[in-house]
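Visitor: Below: one structure in structure tokens.
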Amino acid sequence: MNKKVTLRNERYSFLQVLLTVISVACLLISNVITSKQMQFPFGLTMTGAIYIFPVTYILSDVFSEVYGYRWSRITCYMGFAMNVVMVLAFELAIASPAPSYWGNQEAFETVLGSAPRVLVASLSAFVIGDLVNDRVFRRLKSKHPDDHKKFGIRAIASSFFGEVADSLVFIPIAFLGQMPIESLVQMLVAQVVLKTAYEVIILPITTIVVNKVDKYERGA
């Protein structure tokens, strides 16, 4: 039997806590690197978050599939709270006076400073996108509550709708007026397509992770 820690009459396994930490860490990292805009072939423009943000949706599917809808929502709220703490820490560090010999203040502000609109866009998009992802997954999961049948369909469908909601919120709020409308639309479509394709490609790995996590939690 796998050891679990009991806190306030609830039981959490080491693996459950570890995956939650990884999910929150991926969210924080993606929000730091999202300000970098990258040029891809065929004129596509993407943000730096494309590399790691989809992991949060994959883990959200794992949480919903193995630990249930409630835990998936809890991880979302944890990520939201830690992102606020991170931003406040960055702003405090930026506002603190630097010694005269340190010449990297401007670069530090550029990389870690958050424009209010980007912060609002990021937090709003994450909460709304993750909520849509979880709601779609929960609805599909209700048809197979006791097994992992059609997990792939649930994972891809929920992530697709979650990514659509995320992009529809984040990109207009963060970049409207700062780039041509055509480029903005291309970025929106490209992010949904590439992030969904990302999950499709690694779906076999996600399925293995779900099965391994479920086996671990059952003590099999």
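The values are calculated or read from the model by the stated rules, or taken from the named source; none is laboratory data. Just so it is clear, the structure is predicted and the values come from calculations on it, not from any experiment. Heads up, the Cβs are rebuilt from the backbone with ideal geometry, glycines too, and the neighbour counts pull from every protein chain shown.
Visitor: Between a first residue in the stretch 171-195 that is of a type in the set (Phe, Trp, Tyr) and a second residue that is in a helix (DSSP H, G or I) and at pLDDT 80 or above, which pairs have beta carbons less than 9 Å apart while being 6 or more apart in sequence or on different chains?
Guide: What qualifies is Phe175/Ala121; Phe175/Ser183; Phe175/Leu184; Phe175/Met187.
Visitor: I've got another one for you. Check every one of the strands (runs of 3 or more DSSP E) wholly within the stretch 1-108 and list those with 1 or more residues that are out of contact with any strand residue (DSSP E or B) (no Cβ under 9 Å at 6 or more places or on another chain).
Guide: Output list reads 4-7, 10-13.
Visitor: Which residues, taken from the stretch 132-191, are in a loop (DSSP other than H, G, I, E, B) and not charged (D, E, K, R)?
Guide: Ser142, His144, Pro145, His148, Gly177, Gln178, Pro180
Visitor: Scan Arg135, Arg154, Arg117, Arg139 and give me the residue that is at pLDDT below 85, under 23 Å from Cys76 (Cβ atoms) and not acidic (Asp, Glu).
Guide: Arg117
Visitor: For the stretch 47-68, which positions are closer than 14 Å to Ala25 by Cβ and of a type in the set (A, V, I, L, M)?
Guide: Answer for the stretch 47-68, where residues must be closer than 14 Å to Ala25 by Cβ and of a type in the set (A, V, I, L, M): Ala49, Ile52, Val55, Ile58, Leu59.
Visitor: Pick from the stretch 11-33 the residues that are farther than 18 Å from Ser159 by Cβ and hydroxyl-bearing (Ser, Thr, Tyr): which of them is modelled with the lowest pLDDT?
Guide: Top of the filtered list is Tyr12.
Visitor: Considering only residues that are exposed (fewer than 10 other Cβ atoms within 10 Å of the Cβ), under 21 Å from Gln178 (Cα atoms) and aliphatic (A, V, I, L, M), which ones fall in the stretch 88-124?
Guide: Scanning the stretch 88-124 gives a single hit, Ala107.
Visitor: List pairs: first residue in the stretch 25-52 and touching a residue at least 24 places away in the same chain (Cβ under 8 Å), second residue among the hydroxyl-bearing types (Ser, Thr, Tyr) and assigned to a helix (DSSP H, G or I) anywhere in the structure, Cβ distance under 6 angstrom, at least six positions apart or on different chains.
Guide: Cys26/Thr56; Leu27/Thr56; Asn31/Ser122; Thr45/Ser183; Ile52/Ser30
Visitor: Would you check if Gly103 is at negative phi, of a type in the set (Gly, Ala, Ser), free of Cβ contacts under 8 Å to residues at least 24 places away in the same chain and out of contact with any helix residue (DSSP H, G or I) (no Cβ under 9 Å at 6 or more places or on another chain)? Step through it out loud before you land on a result.
Guide: Numbers: at negative phi: yes; of a type in the set (Gly, Ala, Ser): yes; free of Cβ contacts under 8 Å to residues at least 24 places away in the same chain: yes; out of contact with any helix residue (DSSP H, G or I) (no Cβ under 9 Å at 6 or more places or on another chain): yes.
Judged against the criteria, Gly103 is a match.
Visitor: Would you check if there is a residue in the stretch 146-166 being more than 23 Å from Glu65 (Cβ to Cβ), surrounded by fewer than 20 Cβ atoms within 10 Å (Cβ to Cβ) and within 19 Å of the chain's Cα centre (by Cα)?
Guide: Among the residues of the stretch 146-166, not one is more than 23 Å from Glu65 (Cβ to Cβ), surrounded by fewer than 20 Cβ atoms within 10 Å (Cβ to Cβ) and within 19 Å of the chain's Cα centre (by Cα), which makes the answer no.
Visitor: Next question. If I filter the stretch 172-185 for residues that are crowded, with 19+ Cβ neighbours inside 10 Å and closer than 16 Å to Ile128 by Cα, do I get at least one hit? Write out each step before concluding.
Guide: Our first condition is that a residue be crowded, with 19+ Cβ neighbours inside 10 Å; within the stretch 172-185, this holds for 174-175.
Imposing the further condition that a residue be closer than 16 Å to Ile128 by Cα reduces the set to 174.
Taking every residue of the stretch 172-185 in turn, at least one turns out to be crowded, with 19+ Cβ neighbours inside 10 Å and closer than 16 Å to Ile128 by Cα.
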